[in-house]
Amino acid sequence: MDVEEFRTRGKEMVDYICQYVSNLGSYRVTPDLEPGYLKDLIPSEAPQEAEQWDDIMEDVEKKIMPGVTHWQHPRFHAYFPSGNSFPSILADMLSDAIGCIGFSWAASPACTELETIVMDWLGKAIGLPDDFITSIKGSKGGGVIQTSASECVLVCMLAARNQAIQHLKKTNPQAEDSEFLPKLVCYCSKEAHSCVEKAAKILLVQIRILEPDENGSLRRDILLNAMEKDAANGLFPFFVSAILGSTSSCSFDNLQEIGPVCRAQPCTWLHVDAAYAGNAFICPELKVYLQGVEYIDSFNINPNKWLLTNYDCSCLWVKCRMKLTSALVVDPLYLQHANSDEAIDYRHWGIPLSRRFRSLKLWFVIRKYGLSGLQKYIRNHIKLAKHFEDLVRKDHRFEVVNDVRLALVCFRLAAPDVVNQTLLATINASGKMHMIPSMVKDKYIIRFCVTAENATQEDVEHAWRIISEHASELLTKKSVRKEFVRPPLTKQKSKMFSFTRSVSKDMYQRSRSKSNLYDGATPILIADSDDEGDSAAADTDDILEALTNVALLPEDDDVFNKERVDDFRIQPKSPSEIVCNGSC
């Protein structure tokens, strides 16, 4: 492809993108396909000769698009927003055209310096302390763009591990670093993202997963108790990952309580994962959720969630950049340059050496929308979520189970878990909208998140009509077994659409001892019998009676319950997989 063909095809691609975005509402939100659909449509060998562009684009339309889940769809209410906007897309086009690999200042000065500047812009807008802003006189901290929140957590835990080992070596300088690993323990709430547990596995350290309070918040006494018991057993608390805006319910850990606990330890790093909620702190009225931020060592948000910037763009700030880079510096001669002492080299701030020009799209978005435009966008989402919450609360069949502070509403039918699973699966299978479940207060719940950039009140009301209609259909099913017709879902589709697997109650109870974290992507187990459907409630509520009878259908009729136990073997735990509920 030469320049002239690129010019022509590039304009065609922009037209194709505009048509796609304009027509999003006409698509099914999720594809109606089985796994493996594409292998029968695309040759098993790469083409030997060049193919025509028109043929490639025809295959995109006929073979790729039918298998796409449309995250920008106005009826997509799963996970959190998948940030995107036209300025961000255009910036990525330019970044791809420049094609620089900005691992050091010398590799591309603009790539490095713009990243420092926009990270300071955003850090100030959020309200981070001066210690985290590179340009503030006397600051030892700064910001860096990483690939994901998972990477932010991993590099911070790595830096904390290095700091802890150096602290412990003061009393045993002859020991190898690896000798200290069995002593190191990190902590997080049960509401934390699964990336914290994964980071602990990668770094070969123990993890304590602690019980939050009834509002999903990690509190002082639970953390302090766990740390004191570990210290009494010769272990060393070195890292705490706190949450501001959990994936499952958008709950907030209490930084004002747990911050002093970490500060009182000899060498404990306090990280805050605010991947979703942290973006909202650019709104002055939401900065209240930052109380206690003065105690933290690092902080991350994902503009590729809630700041209209497409993936990947995860922002990490640290209070002391030397603590971060000292754990990651590897400096071969061929990467050194004459300005190393005067400029930041971001290759020392993360795992990969190669780095894209990601700051360009954040710069474009902030400039094109302005902080006021981004604040308006976030406030609209919050307003719409509150409207959805009002709709749910007005329907006596449903309950809201989280404190709706931002744009996530967690709700459920006042019925057993398996019924809510059925409701969600049938809604998702219809292709009319898409949501995912989680567990809140040990109940299976459905998450409704406002995600579309230009979401309206009509979008929310349309979504509620879909939910309400499916609930009514489920409620009006006769409790007589022969008159009940299960939705036409294969087992494979039932798993895909509901994100759950029903297992025996015994297996369910055993699985609860595992350190599963509610990241919104890992399948949730629910029991095939449910304590919630007690007879007293059923006698006084016709709705619950009908729903409970549905839940007691024979196993052969229920694609959600008939699963092979062999598929869910519980793997033995390694010594590093230690779970604490605050009473150990």
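The values are calculated or read from the model by the stated rules, or taken from the named source; none is laboratory data. Values in this document were obtained by computation on a predicted structure and should not be read as measured data. For neighbour counting, all protein chains shown are included, and Cβ atoms are generated from backbone atoms with ideal geometry for every residue, glycine included. With ligands, DNA and RNA removed, areas are computed over all heavy atoms of the protein, side chains included. Shrake-Rupley method; radii C 1.70, N 1.55, O 1.52, S 1.80 Å.
Of note:
- Between region 376-421 and region 279-332, the Cα center-to-center distance that results, in Å: 28
- Global form of region 225-333, assessed from the alpha-carbon gyration tensor, a/c cut-off 1.5: oblate
- Distance between region 212-258 and region 74-130 - C-alpha centres, whole angstrom: 31
- Placing +1 on the Cβ of every Lys and Arg and -1 on the Cβ of every Asp and Glu, with nothing else charged, gives region 130-234 a dipole about its Cα centre of roughly 280 debye.
- Between residue 353 and residue 395, full extension at 0.36 nm per residue minus the direct alpha carbon distance yields a gain of 9.8 nm.
- Rolling a 1.4 Å probe over the heavy atoms of the protein chains gives region 77-221 an accessible area of 41 Å² per residue.
- Linear extension gain, residue 285 paired with residue 9, 0.36 nm per residue minus alpha-carbon span: 94.8 nm
- What a 1.4 Å probe finds exposed on region 280-424 is 55% carbon and sulfur by accessible area, rounded to a whole percent.
- Taking the charge dipole of region 378-456 about its Cα centre, with +1 at Lys and Arg Cβ atoms and -1 at Asp and Glu Cβ atoms, the residue from 423, 381, 435 reaching farthest to the positive side is 381.
- For 90, 33, 406, the ranking by accessible surface with the largest value first comes to 90, 33, 406, using a 1.4 Å probe.
- Overall form of region 1-96 per C-alpha gyration tensor (a/c, 1.5; a/b vs b/c): oblate
- Atom-type composition of the exposed protein surface of region 1-83 places 56 percent of the accessible area on carbon and sulfur (1.4 angstrom probe).
- Carbon plus sulfur fraction of accessible area for region 114-200, probe 1.4 Å, in percent: 52
- Per residue accessible area in Å² of region 1-61, where ligands, DNA and RNA are left out and the probe is 1.4 Å: 80
- Among 452-461, 296-305, 432-441, the order from most to least packed when residues are scored by Cβ within 10 Å on average: 296-305, 432-441, 452-461
- Links that overshoot a 18 Å alpha carbon limit, given the list 319/361; 190/441; 287/376: 319/361
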